[in-house]
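Report on one structure; see the data block that follows.
The values are calculated or read from the model by the stated rules, or taken from the named source; none is laboratory data. Quick caveat, the model's predicted, so the values are computed rather than measured. Methodologically, a virtual Cβ is constructed for each residue, glycine included, from the backbone with ideal geometry; neighbour enumeration extends over all protein chains shown.
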């Protein structure tokens, strides 16, 4: 029996004391591939940020199945949240992931460079390490941010809309990279998405966010066409 | 050419001023790299005024706590430095706290800060009428008047700034580029932000009093903007910015000495000329690249 990677017990998340999501209770098991879905504005990103400790917990508790201080979760933010004014190469972006395990004054050495190159290879982009990060396509940037998350050597990977705004080919490459990490390395994955059609093909479980709360269930159960039709209409259910 | 050998001579009369200029020219862009990358350039409007308010406050404070202050002595400069640093740092912290809350526009925050600081400066000077002329002298920051003592202070403080910037560059980069990731990694984000603001505050207050607001802000902003156009990596960005700043400071000093020009404006004009030339070259290169691709 697998152990929990992340457990939420009756948690309330919100901003400035105002609750957005209440009574959230679920467990993400180790090695699980889980999608965080729901209508626009339902609070998917709020829940993800709450799980990461980026917004305050107003009630309940969030437990990790490992020591967060020594093994922080891997985090892939929406790439639009990063400022293109920073002059950074691909390798420099990936190296940032290794900072998770480095103390202040501890230099970024050969080991970190080697490991960052390995992480780049895992997303199939080792040949562009020296290129400027901002010159890449949206899909490539997203894979680089996944490599950066891997460089922190996480046991849990949380991704915020990794396929938003990228072309279909890049979407396939991103989802393929994430799926391989889950299957081959046993990495626990929680992924925010609004692309039901793509997510349905790869995830086993779903956290459905709607109406100020969230429930977890199997993909078959929560992504049943009749249920999706109720929320989004017939077009989404079919697609 | 003779002037060049003259200013490089160990016996050069304005040697301390030259060394001070180059130190400001090298260190301000290193700090300015973060000033530019964190999009804090607009703060350049409000911070010198806060620095002035701090100086005026320190004079009034001394007058109220100790008694009539004798302007022109060394402790006066130290006092002014303390006031300038305290107000600059305090202002930076308050402005960034408001920025996080994000309810007002950047222009509103900077405009209000400027208005408050200007009003406070006048009010403090009214309470210490002897301070007015002296403060103008201090804020003018005449680098030609650099003494061995003030050069020593400048070199020590700016030297410490450089050491801290390079020692903690991965922490400063992480909190500046992706604050959320730094939080997820369990880094002490407020500590690193605070340390960076401390460095910015120290650089601005000492820079303003040594070289004046024009030179300080010119070198904080112009060389990093130039370096941004020609570099791809963070480390080379910082180093090229510092090298450009140092070169502009030395070149500006040479031009000012040779053509009898005011030093500060000559240095900033030369740095800005560099930005124009590099900017034009980059635009031509980009245009040519697009033309070849089409």
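If I ask for residues that are surrounded by fewer than 21 Cβ atoms within 10 Å (Cβ to Cβ) and part of a helix (DSSP H, G or I), which ones from the stretch B:38-61 would you list?
B:44, B:45, B:60, B:61
Checking residue A:183 against (1) surrounded by fewer than 16 Cβ atoms within 10 Å (Cβ to Cβ); (2) under 24 Å from residue A:49 (Cα atoms), only one condition comes out false. Which one?
(2)
Filter the stretch A:197-209 down to the residues that are modelled with pLDDT under 90 and surrounded by fewer than 20 Cβ atoms within 10 Å (Cβ to Cβ), then identify the one that is nearest to residue A:22 (Cα to Cα).
A:204
Give, as residue ranges, the helices (runs of 4 or more DSSP H) completely inside the stretch A:77-193 that count at least 3 residues that are within 30 Å of residue B:165 (Cβ to Cβ).
A:90-98, A:110-122, A:138-150
Residue check: is residue A:55 at the interface with another protein chain (Cβ under 9 Å from one of its Cβ atoms) and in contact with a helix residue (DSSP H, G or I) (Cβ under 9 Å, 6 or more places away or on another chain)?
Answer is no for this residue.
Of the residues that make up the stretch A:15-24, is at least one within 14 Å of chain B (Cβ to nearest Cβ) and free of Cβ contacts under 8 Å to residues at least 24 places away in the same chain?
Scanning the stretch A:15-24 turns up at least one residue that is within 14 Å of chain B (Cβ to nearest Cβ) and free of Cβ contacts under 8 Å to residues at least 24 places away in the same chain.
Hey, among A:76, A:93, which residue is touching a strand residue (DSSP E or B) at 6+ places or on another chain (Cβ under 8 Å) and either within 10 Å of chain B (Cβ to nearest Cβ) or closer than 14 Å to residue B:182 by Cα (or both)?
Testing whether each residue is touching a strand residue (DSSP E or B) at 6+ places or on another chain (Cβ under 8 Å) and either within 10 Å of chain B (Cβ to nearest Cβ) or closer than 14 Å to residue B:182 by Cα (or both) leaves just A:76.
For residue B:27, are the conditions met, namely being buried (at least 24 other Cβ atoms within 10 Å of the Cβ) and over 23 Å from residue B:117 (Cβ atoms)?
Criteria met by residue B:27.
Count, please, the residues in the stretch A:115-152 that happen to be within 10 Å of chain B (Cβ to nearest Cβ) and surrounded by 15 or more Cβ atoms within 10 Å (Cβ to Cβ).
The number of residues fulfilling the criteria is 8.
Output the residue which, of all residues in the stretch A:96-114 that are surrounded by 19 or more Cβ atoms within 10 Å (Cβ to Cβ) and more than 7 Å from chain B (Cβ to nearest Cβ), is farthest from the chain's Cα centre (by Cα).
A:112
Every residue, every condition in (1) modelled with pLDDT under 95; (2) within 14 Å of another protein chain (Cβ to nearest Cβ), yes or no:
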residue: B:174; (1), (2): no, yes
residue: B:205; (1), (2): yes, no
residue: B:213; (1), (2): yes, no
residue: B:227; (1), (2): no, yes
residue: B:242; (1), (2): no, no
residue: B:263; (1), (2): yes, no
residue: B:269; (1), (2): no, no
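From the list B:190, B:232, which one is assigned to a loop (DSSP other than H, G, I, E, B) and closer than 27 Å to residue A:79 by Cα?
B:232
What residue, among those in the stretch B:143-171 that are within 14 Å of another protein chain (Cβ to nearest Cβ) and under 18 Å from the mean Cα position of the chain (by Cα), is surrounded by the fewest Cβ atoms within 10 Å (Cβ to Cβ)?
Looking at residues that are within 14 Å of another protein chain (Cβ to nearest Cβ) and under 18 Å from the mean Cα position of the chain (by Cα), I get B:163.
Residues in the stretch A:189-207: is at least one free of Cβ contacts under 8 Å to residues at least 60 places away in the same chain and touching a strand residue (DSSP E or B) at 6+ places or on another chain (Cβ under 7 Å)?
Looking through the stretch A:189-207, none of the residues is free of Cβ contacts under 8 Å to residues at least 60 places away in the same chain and touching a strand residue (DSSP E or B) at 6+ places or on another chain (Cβ under 7 Å).
Considering only the stretch B:218-255, how many residues are crowded, with 24+ Cβ neighbours inside 10 Å and under 14 Å from the mean Cα position of the chain (by Cα)?
10
When residues of the stretch A:79-90 are filtered for being surrounded by fewer than 16 Cβ atoms within 10 Å (Cβ to Cβ) and either out of contact with any helix residue (DSSP H, G or I) (no Cβ under 8 Å at 6 or more places or on another chain) or more than 9 Å from chain B (Cβ to nearest Cβ) (or both), how many remain?
Counting residues in the stretch A:79-90 that are surrounded by fewer than 16 Cβ atoms within 10 Å (Cβ to Cβ) and either out of contact with any helix residue (DSSP H, G or I) (no Cβ under 8 Å at 6 or more places or on another chain) or more than 9 Å from chain B (Cβ to nearest Cβ) (or both) gives 2.
Considering (1) over 23 Å from residue B:100 (Cβ atoms); (2) within 14 Å of chain B (Cβ to nearest Cβ), say which one residue A:34 fails and leave the rest.
Unmet condition: (2).
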